[in-house]
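For reference, the structure is listed below as structure tokens.
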Amino acid sequence: MQRLTEQILVHAEGLSEGTPVAAKSLLHLGNRAAVDQALSRLTERGQLIRAGRGVYLSPVKSRFGTRSPSVEQAVEALANQRGEVIVPSGAAAANTLGLTTQVPVRSVYLTSGRSRMMNLGKQVVELRHAPRWQLTMAHKPAGEAVRALAWLGPEKAEAALKTLKRKLSPATFSDLVAAAPQLPTWLARSVGKAAHG
């Protein structure tokens, strides 16, 4: 049994920072019960971090000690592994675009997958299922604008769009206008007014 934990550890340490190790991806090393047991043992020893159900991460070792992988890298690796779209929340997008001075206290990401929590050491990351329209143009500036506007809501969207029209490049604003048919009516109407007003 010791050999299985060593094999898992070698596999996990060979991955780049933040890449999740899923129990299902280790079934070539042993049966599911043995793999789960080995992962549990490695977590108890602090050699792996249990990020969520069936998802483990290797801690990052440096000359300053060990730390959890960065949230951004862990989220990106999880998205690639699970085939999900995962993007920063609307609150984070609004802050990045300068539409609010509020800095989100919690790490919240929107996902095409199910809602769940991910633990990275002492930091808890919330993955919140979002409708498809909020994940449109996932990693583009126009997509960030869509999420920010969704977070701001119908009351503040028009004023925010005036600010965005000045701040965003013409190409990015055009992308936002082109995405209007995918958006809810209230937002599509506001985008149309900003584009033609």
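The values are calculated or read from the model by the stated rules, or taken from the named source; none is laboratory data. Treat the numbers as computed from the prediction; the structure is a model and nothing was measured. All Cβ positions, glycine included, derive from the backbone under ideal geometry; neighbour counts span all protein chains shown.
The rows are residues; the columns are (1) out of contact with any strand residue (DSSP E or B) (no Cβ under 6 Å at 6 or more places or on another chain); (2) modelled with pLDDT of 95 or more; (3) not aromatic (F, W, Y).
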site: T96; (1), (2), (3): yes, no, yes
site: V103; (1), (2), (3): yes, no, yes
site: S107; (1), (2), (3): no, no, yes
site: R116; (1), (2), (3): no, no, yes
site: N119; (1), (2), (3): no, no, yes
site: A145; (1), (2), (3): yes, yes, yes
- Single condition L42 does not satisfy, out of (1) under 30 Å from V87 (Cβ atoms); (2) among the aliphatic types (A, V, I, L, M); (3) in a helix (DSSP H, G or I): (1)
- The condition from (1) touching a residue at least 60 places away in the same chain (Cβ under 8 Å); (2) out of contact with any helix residue (DSSP H, G or I) (no Cβ under 8 Å at 6 or more places or on another chain); (3) of a type in the set (A, V, I, L, M, F, W, C) that W151 misses is numbered (2)
- Note on the structure: Going through (1) touching a Lys or Arg at 6+ places or on another chain (Cβ under 8 Å); (2) surrounded by 15 or more Cβ atoms within 10 Å (Cβ to Cβ) one by one, V124 fails only at (2)
- In the list R53, R128, which residue meets the criterion of being under 30 Å from D36 (Cα atoms) and over 16 Å from the mean Cα position of the chain (by Cα)? R53
- Report yes if some residue within the range 45-60 is farther than 30 Å from P141 by Cβ, surrounded by 12 or more Cβ atoms within 10 Å (Cβ to Cβ) and of a type in the set (A, V, I, L, M); otherwise report no. yes
- Please enumerate the residues belonging to the range 1-29 that are within 23 Å of E76 (Cα to Cα), among the hydrophobic types (A, V, I, L, M, F, W, C) and not in a loop (DSSP other than H, G, I, E, B). I8, L9, V10, A12, V21, A22, A23, L26
- Note on the structure: Note on the range 78-93: residues over 17 Å from E126 (Cβ atoms) and either without any contact (Cβ under 8 Å) to a residue 12 or more places away in the chain or touching a Leu at 6+ places or on another chain (Cβ under 8 Å) (or both) are N80, G83
- Query: So which residues in the range 49-60 are modelled with pLDDT under 85, assigned to a strand (DSSP E or B) and of a type in the set (K, R), if there are any at all?
  - Reply: none
- Message: Could you tell me how many of the residues in the range 61-86 are surrounded by fewer than 17 Cβ atoms within 10 Å (Cβ to Cβ) and in a strand (DSSP E or B)?
- Response: 5
- Task: Considering only the range 96-145, give the strands (runs of 3 or more DSSP E) lying wholly within it that have at least 1 residues that are among the β-branched types (V, I, T) and either assigned by TED's automatic domain parsing to the domain that holds T19 or free of Cβ contacts under 8 Å to residues at least 24 places away in the same chain (or both).
- Result: 107-111, 123-129
- Specify the residue that is surrounded by the most Cβ atoms within 10 Å (Cβ to Cβ); the eligible residues are those in the range 94-121 that are within 19 Å of Y56 (Cα to Cα) and of a type in the set (G, A, S). S107
